[in-house]
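One structure is given below, encoded as structure tokens.
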Amino acid sequence: FAKLKQGLSRSTAKLTDSITGVFTKRKLDDAALEELEETLIAADLGVKASGRVVEGFRRTRFGREATDAEIKGALADEIAAILGPVAKPLVIDRALKPHVVLVVGVNGTGKTTTIAKLAEQYRADGMKVIMCAGDTFRAAAVEQLQVWGSRTGAEVVAPAKDGADAAGLAFDALSRARDVGADVLLVDTAGRLHNKTALMEELRKIVRVMKRQDAAVPHSVLLVLDATTGQNAVSQLRVFSEMVEVSGLVVTKLDGSAKGGVVVALAEEFGTPIHAVGVGETAADLRPFEARHFARALVG
Ligand code: GDP
């Protein structure tokens, strides 16, 4: 929580300063509410969520004078109400052996790091974990996952050569995971968004080929979004949802982010479960997503 709060402090400082500016010297009239709405939009909460928060204020506090602390508390409550319904942990079903998690997202958002963090967590919980280095186009991504594998002790299924077929590799990784009775299989994927059609075909092929072994696979499709990209995260969720059935989100880089507000926009616009947030680069830096904590850290 401290790391998240510290990370969000930059956006928080901005948000709180503007809020303080909006509400000193006057009560909650139309002009103040309008300014609040603009402040929230500037903080990346999105038009819809900002509107909803302001409507909440209008209903409950219009015409009243309020102290800063009251305003902040009320703001945190409104934001927590939006985040509450999407705050859901990713629950691994250990009966599946393996629970297959396909991890998708644009390059650089933190997919590979998130896979390592999840592997670390599941192993700490006593599960057997296999990671599949499915971003076969980037030798660096494969190597990176192998390094994480040796650090976390999770087995890595990697391609024999660069540019190997990702779907074939995922198929092999699934066979391997079943053979050894793994609890979890985490499948990394490529994220070259500049070639959308090729990426969509690749992701769909991975899904199709794995389904030959088990029609219920993948059990979860995790989209990794980088909070520092602000509203781009919103459009990435839209684009990836057209390609695959995204079942949940991990939002990364909230430790250094000036854009934590986008998480509220994601929650309001899509309602997709948010499983966890990334707050750093080490395997220990993944936190469950908790609505109230997050809202409080965001508002400051
Ligand atoms: P991928 O291309 O999506 O697999 O992204 P990577 O996992 O390689 O991550 C890209 C960069 O972001 C790396 O330098 C990571 O260390 C960094 N990164 C990933 N998650 C976080 C996070 O939560 N916080 C911070 N500060 N950096 C992160």
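The values are calculated or read from the model by the stated rules, or taken from the named source; none is laboratory data. Predicted, not measured: the structure shown is a model, and the values here were computed from it. Virtual Cβ from ideal backbone geometry, glycine too; neighbours counted across all protein chains shown. Just the protein is used for accessible areas: all its heavy atoms, side chains included, with ligands, DNA and RNA removed. Shrake-Rupley method; radii C 1.70, N 1.55, O 1.52, S 1.80 Å.
The residue that is nearest to the chain's Cα centre (by Cα), among those in the stretch 238-255 that are over 26 Å from GLU202 (Cα atoms) and open to solvent by 40 Å² or more (accessible area, probe 1.4 Å), is LYS253.
Scanning the stretch 113-138 for residues that are open to solvent by 10 Å² or more (accessible area, probe 1.4 Å), in contact with a helix residue (DSSP H, G or I) (Cβ under 7 Å, 6 or more places away or on another chain) and within 16 Å of the ligand (Cβ to nearest atom) yields one hit, GLU120. Listed by first and then second residue, the pairs with beta-carbon distance under 7 Å, at least 6 apart or on different chains, first residue in the stretch 33-58 and in contact (Cβ under 8 Å) with a residue 12 or more places away in the chain, second open to solvent by 90 Å² or more (accessible area, probe 1.4 Å), are ALA43/LYS14. For the stretch 170-198, the candidate set comprises residues that are of a type outside the set (Gly, Ala, Ser) and more than 25 Å from the chain's Cα centre (by Cα); within that set, the residue that is surrounded by the most Cβ atoms within 10 Å (Cβ to Cβ) is PHE171.
Checked against (1) within 11 Å of the chain's Cα centre (by Cα); (2) surrounded by fewer than 18 Cβ atoms within 10 Å (Cβ to Cβ), ALA233 meets all criteria but (2).
Can VAL217 be described as among the aliphatic types (A, V, I, L, M), open to solvent by less than 10 Å² (accessible area, probe 1.4 Å) and either closer than 18 Å to ALA87 by Cβ or within 13 Å of the ligand (Cβ to nearest atom) (or both)?
On the way: among the aliphatic types (A, V, I, L, M): yes; open to solvent by less than 10 Å² (accessible area, probe 1.4 Å): yes; either closer than 18 Å to ALA87 by Cβ or within 13 Å of the ligand (Cβ to nearest atom) (or both): no.
It is false that VAL217 is among the aliphatic types (A, V, I, L, M), open to solvent by less than 10 Å² (accessible area, probe 1.4 Å) and either closer than 18 Å to ALA87 by Cβ or within 13 Å of the ligand (Cβ to nearest atom) (or both).
Take the conditions (1) touching a Pro at 6+ places or on another chain (Cβ under 7 Å); (2) among the aliphatic types (A, V, I, L, M); (3) more than 13 Å from the ligand (Cβ to nearest atom); (4) free of Cβ contacts under 8 Å to residues at least 24 places away in the same chain; LEU185 misses just one of them, which is (4). Among the residues of the stretch 12-59, the ones that are modelled with pLDDT of 90 or more, of a type in the set (Gly, Ala, Ser) and buried (at least 19 other Cβ atoms within 10 Å of the Cβ) come to 3 in all.
Entry remark, the stretch 156-169: residues being under 24 Å from the mean Cα position of the chain (by Cα) and either open to solvent by 30 Å² or more (accessible area, probe 1.4 Å) or not hydrophobic (A, V, I, L, M, F, W, C) (or both) number 1 in total. With the requirement that a residue be open to solvent by 10 Å² or more (accessible area, probe 1.4 Å) and β-branched (Val, Ile, Thr), what does the stretch 272-300 give you? Once the filter is applied, which keeps residues that are open to solvent by 10 Å² or more (accessible area, probe 1.4 Å) and β-branched (Val, Ile, Thr), the stretch 272-300 yields THR272, THR282. Listed by position, the strands (runs of 3 or more DSSP E) enclosed by the stretch 238-289 that each have at least 1 residues that are within 14 Å of LEU4 (Cβ to Cβ) and more than 13 Å from the ligand (Cβ to nearest atom) are 274-278, 286-288.
Identify, please: which residue in the stretch 84-112 is under 17 Å from LEU286 (Cα atoms) and open to solvent by 60 Å² or more (accessible area, probe 1.4 Å) and is, among those, farthest from the ligand (Cβ to nearest atom)? Looking at residues that are under 17 Å from LEU286 (Cα atoms) and open to solvent by 60 Å² or more (accessible area, probe 1.4 Å), I get VAL91.
Going through (1) buried (at least 22 other Cβ atoms within 10 Å of the Cβ); (2) more than 16 Å from the ligand (Cβ to nearest atom); (3) under 21 Å from the mean Cα position of the chain (by Cα); (4) among the small types (Gly, Ala, Ser) one by one, ALA227 falls short only on (2).
Annotation note: Cβ proximity below 8 Å between a residue of the stretch 144-155 that is open to solvent by 70 Å² or more (accessible area, probe 1.4 Å) and a residue that is aliphatic (A, V, I, L, M) and within 11 Å of the ligand (Cβ to nearest atom) (sequence gap 6+ or interchain) occurs for GLN146/ALA133; ARG151/ALA116; ARG151/ALA283.
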